[in-house]
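First the structure, in the form of structure tokens, and then the observations on it.
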Amino acid sequence: GESGEEGASSRKSTSFGHGWQIFFGGDGSGATLHWHAAAFNILYVGVKEWLVTPPQFRGFTGMPADRVAPQLKDKHYSMQCTQIPGDLIYIPDYWGHSTINHGFTIGVASIVAVKDRFVPATKPSQINATSLLVSLLTSLPIAAENAGSSNNNIENEGGVEGSGTDSNITISTGVVDSSTSNNNSSSRGVIGRRGPSLASPSQPGFLFIHVPKTGGSSLIGMLREYCQGEYVTDRWKDDSTSSGIQHRSFHATAHSYIQHYGRDAFDNAYTFAIVRHPFAKQVSNFFFLLNQCEQNPKRCESGRNERLIPYDKISTAASSDEEKVQAFHEWIAKLYEAYPPGSPQHYLFGNKGHGNEEYSTFNSTQTSWMVDETGEKIVVKEIFHLENLAFDKLSEAIPCLSSSSKLTTKNQTPQYPPLSSFRGNERTDQIMREVYHVDYQNFGYDYEI
């Protein structure tokens, strides 16, 4: 890539970013498909052809740039432009890009500091573009004066980075050995690599809409372990409301994410969610909450037990299966009476609010986690079913997860009777069909398990 590893000792730091580096290469050489945080790229000598993809189509490859180009050109998801001497190109956060040099080229690039990045939905008053560009151009080196300086980071585009001294500079021949291409430190943030977070709070690469009791805690544990450079964790308050309610990415709806990051940033990210059969989810939720009350009774004392868990009448360990099943049916009836559809706290029939309750789009359904501010349109790009979660497909979309072969279980619910034993209660079935009708319809579930 045109911008090297953040914090490298050979880098010259600047006021506008993490430092600059010189890149150069011979005719036909280039940088293979990759992505990183936002960067400026200015060309001094030669002609450079760019192929750029939105974040949802970004990627890494070991193929040389000249083999990647034919696969990206003239595709609906790619854009092409030509850079000549004096042109400055800005690549936003996480946009994929690959380059091919026409003739010998020399240029300079820099990762841009978060505070100075041009991001979707940014208010014009938040960025002084003129002062930013002046700072950039006055900080960048003149290539002819600094090409051999030991204070600069010198990168050739054949896939090998020099140490910054004349004796180690190698002019690219345009032939890239795919076995060594991943050793290029300019590919900082290769998916799955440990290190400082590359995730931008303004433009995340992906956003996970975590519906409670759908396996999301297990997936988040894996994202934290394998995707440290990509997985965004954030807390915020919606300034457009006066509620002061705190939101957090662990349980944020699509609507909440859109309010926080802006619609463009949300649409540019890869967004996904996991759903579960509504009846199975409700049963699992009951025993999960019951177990929490047993472990910490104070959290379920009078006035705090808003989910109406009968922890003083039923036990996950001591009660019989018949008693557990009966307790579940009684709980459903009480929840429906306390939080019927259309009531202000109807969301409590399905889950706590987690800050999302300040939006009228939010209710007890899984569908309400997926919609935008209109409450009518599902805007999450990919929805997986927990019952047949295609982990390999998820790993293709988020390659850092490929380091693990399966979803590891966290936040487990205590053992409870078979789901079939909960069916057949006419009142419960009636309530579940009424409350979760849209989930059955939108996600293709049958009423029967």
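The values are calculated or read from the model by the stated rules, or taken from the named source; none is laboratory data. Quick caveat: nothing in here was measured; it's all calculated off a predicted structure. When we count neighbours, we look across all protein chains shown, and the Cβ atoms used for this are built from the backbone with ideal geometry, even at glycine. Keep in mind that these areas ignore ligands, DNA and RNA; they rest on the heavy atoms of the full protein, side chains included. Shrake-Rupley method; radii C 1.70, N 1.55, O 1.52, S 1.80 Å.
Consider the range 309-325 and keep the residues that are crowded, with 16+ Cβ neighbours inside 10 Å and without any contact (Cβ under 8 Å) to a residue 60 or more places away in the chain. The one that is nearest to K213 (Cα to Cα) is I309.
Rundown of residues vs (1) free of Cβ contacts under 8 Å to residues at least 60 places away in the same chain; (2) open to solvent by less than 20 Å² (accessible area, probe 1.4 Å); (3) in a helix (DSSP H, G or I), yes/no style:
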| site | (1), (2), (3) |
| --- | --- |
| I274 | no, yes, no |
| S284 | no, yes, yes |
| F288 | no, no, yes |
| K298 | yes, no, yes |
| R307 | yes, yes, no |
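Per the listing F266, F272, F279, the residue uniquely in contact with a strand residue (DSSP E or B) (Cβ under 6 Å, 6 or more places away or on another chain) and within 29 Å of I378 (Cβ to Cβ) is F272. Residues in the range 328-338 that are free of Cβ contacts under 8 Å to residues at least 40 places away in the same chain and over 35 Å from the mean Cα position of the chain (by Cα): 4 in all. Looking across the range 66-88, the residues that are open to solvent by 80 Å² or more (accessible area, probe 1.4 Å) and assigned to a strand (DSSP E or B) come down to M79, Q80, T82. Scanning the range 1-31 for residues that are part of a strand (DSSP E or B) and either in contact with an Asp or Glu (Cβ under 9 Å, 6 or more places away or on another chain) or at pLDDT 85 or above (or both) yields G17, H18, G19, Q21, I22, F23, F24, G25.
The set of residues in the range 51-106 being under 30 Å from T271 (Cβ atoms) and basic (K, R) consists of R58, K73, K75.
Among the numbered conditions (1) within 18 Å of A397 (Cβ to Cβ); (2) free of Cβ contacts under 8 Å to residues at least 40 places away in the same chain; (3) buried (at least 20 other Cβ atoms within 10 Å of the Cβ), the only one that W35 does not meet is (2). Among residues of the range 339-356 that are at positive phi and in contact (Cβ under 8 Å) with a residue 40 or more places away in the chain, those with a beta-carbon under 8 Å from a residue that is small (G, A, S) and not in a loop (DSSP other than H, G, I, E, B) at least six positions away or on a different chain give the pairs G355/S256. Scanning the range 32-59 for residues being at pLDDT below 90 and within 13 Å of T99 (Cα to Cα) gives a total of 5.
Here the range 225-270 is the region considered, the condition is being among the polar types (S, T, N, Q) and in a loop (DSSP other than H, G, I, E, B), and the residue that is least open to solvent (accessible area, probe 1.4 Å) is T253. Tallying residues that are part of a strand (DSSP E or B) and either within 25 Å of the chain's Cα centre (by Cα) or under 14 Å from H36 (Cβ atoms) (or both) within the range 90-108 yields 6. Filtered by the rule that a residue be in contact with an Asp or Glu (Cβ under 9 Å, 6 or more places away or on another chain) and more than 20 Å from H277 (Cα to Cα), the range 314-338 gives I314, S315, T316, A317, A338.
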